Amino acid sequence: AAALGIPTDIDPALDVLLAGHVRQVDLGSVNGRLFANISGGGFFAEVSESVTTEMKSVAGRLAYLVGGAQVLMDFTPVQASVRVDPGDLQLATSVYAFAVCNAQLFGGGKLIAPHAVLDDGLLDLCIIEAMPTLAFVALLREVARGTHVDDPRVRYVRGARIDLTFDQTVNINTDGEVLEVSSCEYRVLPHAARFFAAQAS
């Protein structure tokens, strides 16, 4: 809704919907499963799995803070091989967290992919490489503002085909659904869905 410019308050949101402006946007897919917003793994997915519906109802956005604190105690980075096309990026690295993004926001409003555009025919990949826990906690403050992409421990690239292979089974959160995988094939489907949206300015 945020990416489409739909307000959080009900009456203004209804005004946008009733205006009937339609935007054609891309979809992403991971191993054949479609998503509209973001698919992420590592620390991000572990936090998503730990945050229950009840926690969100009671604590709202603070639920992610509580869930994150719980996960930090036990989380171990995973080894991943990454290939992005176009862009010709190939690397093997230890990953604390990653997100493949069609839109900019996730996890209660964090700006994980500040350069993502819903209809540009590309997915944005953000990889946060392994680092000490306290350094990662400090970096999360930058994620909230979108300034993390300038950090040398962060890889931020864009592509239509993104492949990740892990040295173990990991959880990924794809638009709220947690899946177990050992590899991910991400693809973009340009202009594959139509949504009501705010009129572009």
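Taken together, the values in this text are just the output of simple stated rules run on the coordinates, not laboratory data. The structure displayed is predicted, hence computed values, not measured ones. Every residue, glycine among them, receives a Cβ derived from its backbone with ideal geometry; neighbour counts consider all protein chains shown.
What number does the chain give for Rg over Rh if you use C-alpha atoms and the Kirkwood radius?
Values: Rg = 16.7 Å, Rh = 17.4 Å.
So for the chain, dividing Rg by the Kirkwood Rh gives 0.96.
If each DSSP helix of 4+ residues adds -39,500 (n - 2.57) and the sum is divided by the residues in the chain, what number results at 222 nm, nearest 500 deg cm²/dmol? Intermediate results must be reported in sequence, preceding the final value.
On the way: 5 runs with 49 residues, N = 201.
Result for the chain: -7000 deg cm²/dmol, rounded to the nearest 500.
Does a label point 7 Å from the Cα of residue 171, set along Cα-to-beta-carbon, have any residues of the stretch 100-118 with amide nitrogen under 16 Å, and which are they?
Taking a point 7 Å out along Cα→Cβ of residue 171, the residues of the stretch 100-118 whose backbone N falls under 16 Å are 107-108.
In debye, nearest 20: dipole of the stretch 110-165 around its Cα centre with unit charges on the Cβ of K, R (+) and D, E (-)?
Details: 7 positive and 8 negative charges, 31 e Å.
With Lys and Arg at +1 and Asp and Glu at -1, about 160 debye.
Say the dipole of the chain comes from +1 at the beta carbon of Lys and Arg and -1 at that of Asp and Glu; which of 30, 186, 5 then lies farthest toward its positive end?
So the residue furthest toward the plus end is 5.
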